[in-house]
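For reference, the structure discussed in these notes is given below.
The values are calculated or read from the model by the stated rules, or taken from the named source; none is laboratory data. What you see is a predicted model; the values in this text were computed from it and never measured. All Cβ positions, even for glycine, are placed from backbone atoms using ideal geometry, and neighbour counts span all protein chains on display. With ligands, DNA and RNA removed, areas are computed over all heavy atoms of the protein, side chains included. Shrake-Rupley method; radii C 1.70, N 1.55, O 1.52, S 1.80 Å.
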Amino acid sequence: MAQIIDGKKLGARIKEKIHEQIPLLEQQYGRRPSLYVIIVGEDEGSLKYVTNKVKTAKTIGMDARLIALKENISESELINIIHVLNADPLVDGILVQLPLPNHINEDRVVDAIEKHKDVDGFHALNVGSLWQGTHCIAPCTPKGIIQLIKSTGIEIRGKMAVVVGRSNIVGKPVAKLLLDENATVVMAHTGTRDLRAVTLLADILVVAAGQEKLITADMVKPGAVVIDVGITRNAEGKVVGDVDFENVKEVAGYITPVPGGVGPLTIAMLMKNTMECFLCHAESSTDVSKLWATIIKARIGGSAE
Ligand code: NDP
């Protein structure tokens, strides 16, 4: 019987650590990390989700603000708001909740966010850096998945990892992060001919398809680590994942529940990314002031105070 990976507990631990660091950062840099979350439209589910992100950031001591915009805002008005936030040195992280209404081009909006404020890691430059293996802000859910796998204590290096799903926000980046951890990675999708034959190879199985009970017990290698990313509502309105949890837990070595698995890690990693953005800005502004001090001293023998 599988051990259940408790995402709620792990997420809470990560947030607690950040909470403890914030007063120290405030002492050092004179301000707290800040997160601005933009939502367009009145979708109740999305509104609840973003409100939770803002609330979490505030609870752990960050400055956070929700900018709720009307459904009919134009793309250029939205991009103008992003430009204002980009220019504000007191804004560390900007997140635009997706999806956006059809009249707005999501890629143009995401790419309008300044790369170092892109807490979701969706900006084309961050995606490129992720694949090049240079420093970047990695997307929250894939980053959280790696933390969940590591929390089991198993070594990822050398393991066969299968990722079901190839979206830009989950499947592809998690495959790259697993590759970075030296797993042998296989990606499956709707074009995969025999999904069961592929998933049975997996020591680590990450499923992000959005299909209830796509993965059944006969598709899982005994002892495998199974990470269920899926979130859908079934016919009874219950939130479910992609894995047939009750039966798969009898075969797997470790398994995440839905809810309470990947979801809490996504939020915890958003907080971590906001911290990373803050440190990047705080450090670079410190560097700039140090640089000015040096220039002034060298040129006029004065001080930069
Ligand atoms: P997408 O719909 O963008 O992508 C789904 C992927 O799954 C596609 O690549 C698709 O293949 C593949 N797929 C779908 N059905 C099958 C199938 N029967 N066999 C094999 N592959 C299949 O979804 P996302 O990646 O955005 O999200 C996936 C799930 O994860 C959703 O339920 C979403 O709600 C959830 N999610 C949860 C998060 C969390 O924090 N817990 C965060 C983000 C997402 P193809 O490319 O061939 O169409």
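Things to note:
- For the chain, built as a Gaussian network whose Cα springs stay under 10 Å, the top-fluctuating residue of LYS48, LYS213, LYS176: LYS48
- Distance between the modelled labels on LEU90 and ALA12, one decimal in nanometres: 3.4 nm (7 Å Cα→Cβ projection).
- Charges were assigned to the Cβ only: +1 to each Lys and Arg, -1 to each Asp and Glu. The resulting dipole of the range 61-143 about its Cα centre is roughly 160 debye.
- One Cα centroid belongs to the range 134-184, the other to the range 3-49; the line between them spans 21 Å.
- Per-residue [θ]222 nm for the chain (sum of -39500 (n - 2.57) over DSSP H runs n ≥ 4, rounded to 500): -14500 deg cm²/dmol
- Entries in LYS58/LYS176; LYS9/LYS115; LYS15/LYS117; LYS213/LYS238 that, when Cα-Cα distance is taken, lie over 23 Å: LYS58/LYS176; LYS9/LYS115
- For the range 190-258: rounded, prolate or oblate by the Cα gyration tensor [a/c cutoff 1.5]: oblate
- Of ASN102, ASN247, ASN72, the residue with the greatest mean-square motion in the GNM of the chain, using alpha carbon springs below 10 Å, is ASN102.
- Using a Gaussian network model of the chain in which every pair of alpha carbons under 10 angstrom is joined by a spring, one finds that among GLU114, GLU20, GLU44 the greatest mean-square fluctuation is at GLU44.
- Dipole axis of the chain (+1 Lys, Arg; -1 Asp, Glu on Cβ), positive-most option in LEU85, TYR36, GLY61: GLY61
- Cross-link partners of LYS159 among aspartates and glutamates (Cα-Cα below 19 Å; sequence separation of 8 or more within a chain): ASP180, GLU181, ASP203, ASP228
- Each 20 Å bin from zero holds the following percent of Cα-Cα pairs in the chain: 31, 54, 13, 2.
- Per DSSP, loop GluC sites (Glu not before Pro) in the range 233-290 with at most 14 further Cβ within 10 Å: GLU236, GLU250
- Percent accessible area from carbon and sulfur atoms, the range 140-261, protein chains only, probe 1.4 Å: 50 percent
- Shape call, the range 140-261: gyration tensor on alpha carbons, a/c limit 1.5: rounded
- Surface accessible to a 1.4 Å probe, per residue, for the residues of the chain, Å²: 51 Å²
- For the range 1-127, the spread of Cα coordinates along the three principal axes comes to 47, 44, 27 Å, biggest extent given first.
- Carbon and sulfur %, accessible surface of the range 1-114 computed with the full protein complex present, 1.4 Å: 50 percent
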